[in-house]
1. Give region 95-114 a look and list any residue that's within 16 Å of the ligand (Cβ to nearest atom) and more than 15 Å from the chain's Cα centre (by Cα), or say none.
2. Return only the number of the condition from (1) without any contact (Cβ under 8 Å) to a residue 12 or more places away in the chain; (2) under 20 Å from residue 16 (Cα atoms) that residue 72 does not satisfy.
3. Pairs please, first residue from region 30-41 and among the charged types (D, E, K, R), second anywhere and modelled with pLDDT of 95 or more, Cβ atoms under 7 Å, 6+ apart in sequence or on different chains.
4. Looking only at region 123-142, which residues are among the hydroxyl-bearing types (Ser, Thr, Tyr) and open to solvent by 30 Å² or more (accessible area, probe 1.4 Å)?
5. Among the listed residues 81, 71, 7, 60, which satisfies the condition of being more than 23 Å from residue 148 (Cβ to Cβ), at pLDDT 95 or above and small (Gly, Ala, Ser)?
6. Taking the condition of being over 18 Å from residue 74 (Cα atoms) and open to solvent by less than 50 Å² (accessible area, probe 1.4 Å), how many residues in region 88-98 meet it?
7. For the subset of region 143-159 comprising residues that are small (Gly, Ala, Ser) and within 14 Å of the ligand (Cβ to nearest atom), which member is surrounded by the most Cβ atoms within 10 Å (Cβ to Cβ)?
Amino acid sequence: MVNNSRADWFHLDVMDGVFVPNITFGFQIINVINQYAQKPLDVHLMIVQPERYLEQFKKAGADILSIHYEASTHLHRSIYAIKDLGMQAGVVLNPHTHVSVLEDIISDLDLVLLMSVNPGFGGQKFIDNTYHKITQLKELILRKNAHALIEIDGGVTLDNAPKLVNAGADVLVAGNTIFSSDDPVKTIELLKESSPLYSA
Ligand code: ZN
């Protein structure tokens, strides 16, 4: 269904039960998804010491690999390790982490993922401060002449999607909104039309 929809990427949430309370899946499941997926795999690691597993995620099929700022002591080294493996590299910020921590790394990133809920579970309520963070991040990217995409993850709905895009979001992650809807393909279609050009 996702292959035949207008979705651009598969977003895969890897949780280890330590960095976040929940456990999801690891390399084997990603490897199987990779055999069926006809779109890039955007892998979001919610795990401690992500630098230990970068090569295994590449082998499993990750095209874009994002690691948490809060879980990375040597973020710059890890970002370049991801790039050297041939993947696009992203950094994720939890809701409490200020955008300014990216000041010295933003130019090296392909993507910044802003958590708009606390990571660990699906179906949570969107945190409104996210709009403010998107504005700050957009300003930082423009000021540094960086190319990172702004991705929003958590509580994305058909209602807030146009506002997120207007604020500067490039990529919206939606799980519950799509998979709990009666017509997931149609819901993806509606999300794709959340651009300011289409929102009346
Ligand atoms: Zn995610």
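The values are calculated or read from the model by the stated rules, or taken from the named source; none is laboratory data. All values reported here derive from a predicted model rather than from experimental measurement. Here the Cβ positions follow ideal geometry from the backbone for every residue, glycine too, while neighbour counts run over all protein chains shown. For accessibility, only protein heavy atoms count, side chains too; no ligands or nucleic acids. Shrake-Rupley method; radii C 1.70, N 1.55, O 1.52, S 1.80 Å.
1. 97
2. Against the list (1) without any contact (Cβ under 8 Å) to a residue 12 or more places away in the chain; (2) under 20 Å from residue 16 (Cα atoms), residue 72 comes up short only on (1).
3. That search, which allows pairs on different chains as well, returns 39/3; 39/7; 39/8; 39/9; 39/10.
4. 131, 135
5. Details: 81 fails: more than 23 Å from residue 148 (Cβ to Cβ); 71 fails: more than 23 Å from residue 148 (Cβ to Cβ); 7 fails: more than 23 Å from residue 148 (Cβ to Cβ).
Selected residue: 60, the only one of 81, 71, 7, 60 that is more than 23 Å from residue 148 (Cβ to Cβ), at pLDDT 95 or above and small (Gly, Ala, Ser).
6. So the answer is 1.
7. Here the residue is 154.
Let's see how each residue does on (1) at pLDDT below 95; (2) assigned to a helix (DSSP H, G or I); (3) among the polar types (S, T, N, Q):
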| residue | (1), (2), (3) |
| --- | --- |
| 91 | no, no, no |
| 95 | no, no, no |
| 113 | no, no, no |
| 118 | yes, no, yes |
| 135 | no, yes, yes |
| 138 | no, yes, no |
| 141 | no, yes, no |
| 151 | no, no, no |
| 186 | no, yes, no |
